[in-house]
Amino acid sequence: MIDDSSGLTSKPGIPTKMKQADLTDKSRRHPDEKQPPVVHIGPTPFFSNRGCHIRILNEVEGLRKQGRKVIICTYGLGRDESGLDIRRIWKIPGYSKTEAGFSMFKPLADILLFFLVLKVVFREKIAIIHGHLHEGGLIGWCVKLALFWRRIYLVMDVQGSLSGELRAYGTFKKLPFLLPGFYFIERLVSMMPDRIICSSQASAHFMAESCSVPSRKIELVKDVVPTLFFSPVDKGLQRESLRIPKGKNIVIYTGSLLPGKGADLLLEGLRLVLERRDDCLFVLIGYPKELIEEKVIRYGLQDRVIMPGEVPYSDLADWLATADLAIDPKPSGSGEASGKILHYMARGLPVVCFASE
């Protein structure tokens, strides 16, 4: 299991050229060769600058700091991270989506990922499989079943409700009759692991109440923030280096710019504020930014909204240091935790909350 006291059990992660000194290899033990490796299944284009990926990376780093060898099995897309043992499926022609949300290529990618994990677990004599998201849990269970004589221990790491997240992304708008089927699959998959790790109280409650998972099988591993984000920074100098105008109250958002993450609420709130206040400037960090950018231009607010797009995690602390307050419009329906709010708090930023229904 993951020791939450390590300070590295969830968001955020450690990009290749990280600038912080608090996440160096000095505190990492050498892998204990007597203990079998742990396999983490990432059914996603790992590593991209997304909360799910950051959580995976920090959990892996937490295990490595305890001297455990970790192997990450993931898709063919994504960026390799220095020092990590990452095994990938073949790249799928036409599959280039790295942002959150469903892709028609994911079923094929997950099938290929199953065979990759099966090979790794068989060859490396793996005793523990850590599957991220419901797809990772299902893949891990299939591998465990295929190698039943090995008595492999399966952990599933969930960040919220699968059906709730798909509903938030609008996946079922045209085919609403599929929602009950996905909910049934979600409940079925939730019964497969030996232990379930949740990132929030909401997801733990959903697992216990809606999916009927025994409470003894549920473990809450909250998101944390590396000490870099607590380091004092000169706000004026930081704004100057990032070319942020002086004399403005900076409102910042960091994360996915998709409707399922509350981007539509964010845009509406932004418009209402800028209609009433001429001393505010919004900084929206994330991707994909095309749809939001188009609407910002349509509203004539392009001079009062800065959209740098995808920013490496190694630069996020610098951007947060320029802000006066922060927002997170993520809807609660998916049951996901909000790692970004912890980052905002670490930087000493007030966080604005508002009713969305």
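What follows is calculated from the coordinates using simple rules that are stated; it is not laboratory data. This is a predicted model, so every value here is computed, not measured. Don't worry about glycine lacking a Cβ; one is built from the backbone with ideal geometry, like all the others, and counts go over all protein chains shown.
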>> Using 0.36 nm times the number of residues separating residue 97 and residue 299, minus their current alpha carbon distance, what extension gain do you get?
In response: 69.9 nm
> According to the square roots a ≥ b ≥ c of the eigenvalues of the Cα gyration tensor, what is the shape class of region 199-351, taking rounded for a/c under 1.5, prolate for a/b larger than b/c otherwise, and oblate for the remainder?
Replying inline: oblate
>> For a test of the definition: using alpha carbon positions, the gyration tensor, and the 1.5 limit on a/c, classify region 261-327 as rounded, prolate or oblate.
In response: oblate
> Label residue 276 and residue 324 with points 7 Å out from Cα along Cα→Cβ: what is the distance between them in nm?
Replying inline: 1.5 nm
>> So, R0 is 45 Å and r is the distance between the beta-carbons of residue 210 and residue 246; what FRET efficiency does that work out to, to 0.05?
In response: 0.35
> Which of 235/340; 91/222; 261/295 have a Cα-Cα distance over 22 Å?
Replying inline: 91/222
>> Taking R0 as 41 Å, what FRET efficiency do you get between residue 146 and residue 310 from their Cβ-Cβ distance, rounded to the nearest 0.05?
In response: 0.65
>> Full-extension gain between residue 123 and residue 233, please, as 0.36 nm times their residue separation minus the C-alpha to C-alpha distance.
In response: 34.8 nm
